[in-house]
Every structure is written in structure tokens, then in C-alpha cells.
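Bear in mind that the values in this text are calculations on the coordinates, not laboratory data. No experiment lies behind these values; they were computed from the predicted model shown. Neighbour counts are summed over all protein chains in view; Cβ atoms, including those assigned to glycine, are modelled from backbone coordinates with ideal geometry.
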Amino acid sequence: MRKCCFVNGARGHSIAALSTVVTTTMTLHHASPSARPSRRAVPVTRLALAAAGAAALVGLVACGSDNNTPLASGGTPGTPAPTTPAPAQKRPNILYIMADDLGYSDIGAFGGEIATPNLDALVASGRILTNHHTGTVCAITRSMLISGTDHHLVGEGTMGAPNDERKGLPGYEGYLNDSSLSVAQLLRDAGYHTYMAGKWHLGSGIAGSAASSGKTPDQWGFERSYALLGGAASNHFAHESAGSKNYTEDGQYVQPGQPGQPGGAGGSPAVFYSTDFYTQKLIQYIDANKADGKPFFAYAAYTSPHWPLQVPEPWLSKYKGRYDAGYEAIRAARIARQKALGILPAGFDPYAGAPEALAASPASANNGTAGAKYINALNGPAQGYTDYGPGYVNKTWASLSADERKVQARYMEIYAGMVENLDHNIGLLVQHLKDIGEYDNTFIMFQSDNGAEGWPNSADPTAYDTANAQEPAFSALGKDNGLQAVPKLQYGLRWAEVSAAPFRQLKGYMGEGGISTPAVVRLPGQTAQQPTLDAFTHVTDNTATFLAVAGVALPTQAAPAAVDSVTGIDANRGKVVYNGRNVWPVTGHSLLPLLTGEATGEVRTTPFGEESYGRAQLRSADGRWKALWTEPPSGPADGHWELFDLRADRGETTDVSAANQTILDALIAQWKAYMTSVGGVEPARPRGYY
Ligand SMILES: [Ca+2]
């Protein structure tokens, strides 16, 4: 039998227990007789809400719905009964904006030197979340966003279908599996219009296609969608070939760049640039239905500033010369600004950066063969596991040649231009909401999908950079390269460390630099910045929050048992019924009580586990400790779990495992229980996605 225990996922949980977890982790302050029981009675001053819109939202929290549209499932046990008549006004719209591979410190409000006036304005009438977290990579985060629960449960145990021994296992389908809920479906069923434009990355087969059909956004509750199906485009300017299957609109393959299509001859717009185009599409979708009075959920799934580094003018030229001082100077300036802004405490000790050279494992007879025994989270040299992967060289600025400095600075200029263009487009979205009178009735949230991307451009970055420093290659960097098959321009590990400042590790890793995102939330009607939220929060909490904003109750009807006659395992244990399917319930926690000032304190008071690519973390129930496992050579050569005191050292600079072995052992045991609870399976060879 699967072990029933604490979890952030749901497998093995009874619904009653789950409800308890969800409802007792925050201290609620309203004295309504319908208020859920509170574990702690901490007297707190209610935060002043800036506007009537926010007050209306509080009403929605208490009431669960407006009186316009029936809930997907109402009146269920554990749902607070209405205490006041529901407000008759229209429910809030939800605009959710996701950047792709944007680092923690890139935007101005989080310390970046890149001009992001529109996001900064959102902060000025919203709220910063400094401790918001994602999965380590795109598809994993997106699966948790849509489903509201752990990625192993819903088909993205790793990003895409694995090519290793886990291929075919439940939870490793590589697309949203049949046990997934969808926040878009729930919202649509509750009377919302549901739109998305941008990256999907949760399945590519359209309805009726031969293999893995029905995986596109239209099949998961999006009424209108223009989607890049995969993890990245080869060109932000599209130029798809006739018959390509990389994009869909409303569930049908489209080929931007072909005649009559966006970016193609006679098509509109004349130029397809991903960020600009997705903005225009969302505005088009919103406007098409704005007269009918229904609220909307709009998912702006931008693919910027993900590689390839490309951006049109004026952004392409705007940062010329801005990064000539090099990685360390730019990073230090960002950290200083983070401290001045209060994003970091004054005494914060930042991660110092990766070594210039990481050594491969000492040669063993089996390394690289099927007989290799790779060090993993549970087996090290003491168990006979000694193999691990290659090392890398990542030069500091002082070690670069003149040509390398020239192109490295140029890469970051282009990246910065992409981020400013992204901010410009967010400004267009916000302005459009103001123009059509919907801004004050819209809940807005912005974040990135994972940490900054440090993937090297090639196996030999020096040769790659030196070649790019010569003309005509240099002057073409960042421009539309049409149909040319050229390397996908990236900015490399050192600039990614700048983006991830002040944290350790990058996209693909469980260090704070891989999973921490800048995050901004603005409530409907909010006009003044509210105090920064420092509680640990997670992308699955977004899902619960959106549903709370919309007043949609979570499905709670327990799925019928489906016990395997041989193993005795109930495949439906912990699942709920929705629209006739047995699905994993949302396990994220609504942040709305914190955002409205109805509650303060921690959102999560149970251990939080995670795993992908064999890399692992376990955050203790009290939020103080983080056990972190990274394969060598990026992690310890002996394969031990590191332990960090997050209250003193979120920069993960000092491994305190040796002095706290008992604490660490308990956390590792909790991590094993987490893995069991979500059906996670470690790969025989831990390594990243490249
Ligand atoms: Ca990403």
C-alpha cells in the first residue's frame, strides 16, 4: 500500500485530512461564525485595504460565488456557508502573466537595472512576493499551474516523456494525463471566458490526431488559445514551414509565417514577434466577448526571455554598452539594490557563484556504460555508487578574452532588450484593460516559470563566442534569422547567475536560484502598494488563488475505489470526481486571505518536498531547514545531502549538514515519504535536461 502521510501532493490523502491541511495553515482573522477553525489565535491588525474593489473581493472569499453563475460544485463539506448576501457585481477578471526563464533579479522592482516601468507600476499598486516558488523547468511548473498539484501526479514527473527507465510509468506521460484537473476547465464551467496565448508545453496532439490526441489547450478548458505547443520556438519570429505542427489556434495546427497567417505574406500582423503577437492575440480574444458581461481568465504565457535571444528594434540596440563592466559588477549592483529595496535583508549573504571549473567523476570502468552506478539521492560511495557526469568550465569575467567579453556583453544587451520588450507588452495589456473599463475589476499576477537558464551555448563556449565576435555574425546577433538553421543564442551560466542573484543554482536545479521567481500580485481596485509578502508560496497556490478569486469551490466528491486485486492498491485513493473523471484535487493553498489582509502568517506548515531529474529538496514544516540534493559535480562529490538554514541563509552558502545529522535524516525520511505519496521515481542517472 502507498503510505499515507503529509504531502504537498495528494496521493494517499483522505479528503478529510486534505481539507484539514488546506484550512488550518493560515490564521484567519474574520470573526464570522462560518470561519474555518484556526489553529493559532494570533491577534493581528487587519491590513488596510486600499479600495472598494478589494473589499468586494473579501466578500467573494466569504461567499464563494456571485449570484450570476452556478458553481461547479457548491455546498460541499468543508466549504464555508455564505454569511452575507453575495454581491451582485460581476466577478473579477483574472490576468495571469508568466515570463519564461526570467531570473529573480531581472526586473526593476527586484533589483534589476533593466527598465521595467510597467511591472514597477504594477508593484506600486500591488504587492511583491519575495518567496514565491516554481518547479525547476518549464513543463513541470506549467503542469502544476494548470492542475494545482504536484507534477508527478499529473504526467510531468520529468519534463516531457523520459527516455530512461521510467518511460511509460504513470505520472511520466509527458503531457497532462487523464487524472489532471484544469483550472481553465473549472473556471470555464463556472462561467468564465478562458483565453491563453503563448507557450503550452503540456502536450502536442490535437483532438483526433493519431497519437496522444487531445492534449492541446482547447481540450483543457481554454475557450480561445493560440499556443506554441513545445518548450521553445527555434525563432521568436516564427517562420513556420507549411504543415508544421508547432503551433495551434483553438485546437487546429497553424503555421505563423505562411501566406495569410501572422507574419506571412498578406497576413496580420505583418511581423510575428512572439511577445508582441501573444499580447495582440489576448487583446483580440478579450475584446471579442467583452460585451457579454462575463468575466475572463487570460493566461499570457510569454516565451520571453527564453532563448533564442532575439528582439526587434528599438530594444535590440537599447542596452548597448550597458554590460561592459561584466558579470560580477552587474550582479553586485543588483544585490545592493535588492537590499536598498528591501527585497533582501541588509545582512543577506549572497551565493558566491559557481567555480570556474567543475571536474568530471574520477574514471571508473563503467562510467558512461549501462553498468555505471551513478551517485543519487539515496546511494553514494558507501553503497558502491561512484559515477557521475561531466564537468564544465565557466569563466569569470577576468578570464575572458577580448572577443569573449565583446559577445558576452552583447548577449546580455539582447536579453535585457527582451525583458524590456516584455514589460512594454505587459503595459499594453494593462492599458487595454483600462481602456475598456476592466482594469479595476481584474486580479493581476505576474511571475516567471523557473529560474534563469544557464545552459551553455555549445560544448565549447570559447569557440562559439569567438566565432560570434567576428563579422558578419556579430552584427546579426539577436536579429530575425529567418529560416536559417543557426545555433539558438543563449547568454550562458554567468549571466544566468546575475539574473538569479542573490541565489544559488539555476533553471533545472532545486537551489533557490532554480525555483525562486519574482512575483507581483495586484488585487482588483488596489491603488497602493501593500507590504511585501515573505511567506513561502508555490505555483500550485496560484491555482487555488485564481479559483478563490472567482469564487469557484473545489471539487470534493471522493472518487470510487479502484483496488488492484494483486497489489491491493487503490488507484483512486485521494482523487476526486470532476465531470465524470477521477482526478487529483488542487492541493495548493489560496493566497487570497493573505492578499486581502484577512490572514497573516505562513501559508504552509507541513513539510514540502520536490524532485525532478533526481535533484531533490525537502523544506521543513517550520520553514527553517532545506535539505538539498544535487548530483556531482555541481553538488558534493560524495553525493551527500546538503542542509541549509533558510532563515539565516537563503543564499545557500553554508552547508550545515555535518553538524545537524539528526535533523537532516528526518528531512530525508520526509522526502522519501513525499516521493511515495506522489509516485515519484528517481532516475538511475540523475542529470539535467541537457
Ligand atoms: Ca522556462
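A simple spin-label model places pseudo-atoms 7 Å from Cα toward Cβ; at Thr567 and Asp665 they are separated by 3.0 nm. Simple point charges give the picture: +1 on the Cβ of Lys and Arg, -1 on the Cβ of Asp and Glu, and for segment 130-255 a dipole about the Cα centre of about 140 debye.
Of the peptides 672-678, 401-407, the order by per-residue mean of other Cβ atoms within 10 Å, starting with the highest, comes out as 672-678, 401-407. For the cross-link pairs Lys507/Lys575; Lys318/Lys507; Lys507/Lys626; Lys318/Lys479; Lys406/Lys479, the ones whose C-alpha atoms lie over 21 Å apart are Lys507/Lys575; Lys318/Lys507. I need the shape label for segment 612-690. Rule: rounded when a/c is under 1.5, else prolate if a/b > b/c, else oblate, with a, b, c from the alpha carbon gyration tensor. Because a/c hits 1.5 or more and a/b fails to exceed b/c, segment 612-690 counts as oblate. For the peptides 492-505, 562-575, 326-339, residues were scored by their other Cβ atoms within 10 Å and the scores averaged per peptide; the highest-first order is 492-505, 326-339, 562-575. For the chain, the Cα gyration tensor yields ellipsoid semi-axes of 36, 31, 26 Å (square root of five times each eigenvalue, largest first, whole Å). Label separation (Glu165 vs Ala528): 6.0 nm, computed from points 7 Å beyond Cα along the C-beta direction. Annotation: extensible slack from Ala332 through Gln383 equals 14.2 nm (criterion: 0.36 nm per residue apart, minus Cα-Cα distance). Rounded, prolate or oblate: pick one for segment 567-633, where a ≥ b ≥ c are the square roots of the eigenvalues of its C-alpha gyration tensor, a/c under 1.5 means rounded, and failing that, prolate if a/b is larger than b/c, else oblate. Here segment 567-633 falls in the oblate category.
Residues Trp315, Trp397, arranged from fewest to most other Cβ atoms within 10 angstrom of their Cβ, appear as Trp397, Trp315. When its C-alpha radius of gyration is set against 2.2 N^0.38 Å (N residues), segment 410-457 gives a value of 1.55.
Binned at 5 Å from 0, what are the whole-percent values of the Cα-Cα distance distribution for segment 534-690, short to long? Pairs per bin, as whole percents: 2, 8, 13, 16, 16, 15, 13, 10, 6, 2, 0. Cross-link reach is defined here as a Cα-Cα straight distance under 25 Å, omitting same-chain residues fewer than 8 places apart; for Lys290 the lysines meeting it are Lys90, Lys199, Lys281, Lys434.
In straight-distance terms, cross-link reach from Lys395 covers every one of the aspartates and glutamates whose alpha-carbon lies under 14 Å from its own, apart from those fewer than eight places away in the same chain; here that gives Glu328, Glu356, Asp403, Glu404, Asp460, Asp465, Glu497. Between Val486 and Ser399, the distance separating the two model label sites (each 7 Å from Cα on the Cα→Cβ line) works out to 2.8 nm. What shape does segment 173-294 take by its C-alpha gyration tensor, where a ≥ b ≥ c are the square roots of the eigenvalues and a/c under 1.5 counts as rounded, a/b above b/c as prolate, and the rest as oblate? In terms of gyration-tensor shape, oblate. The ellipsoid equivalent to the alpha-carbon distribution of segment 355-412 has semi-axes of 35, 11, 10 angstrom, derived from the gyration tensor eigenvalues as √(5λ) and listed largest first. Legend: calculated FRET efficiency, Leu358 to Gln89, from the Cβ-Cβ distance at R0 = 35 Å, rounded to 0.05, equals 0.05.
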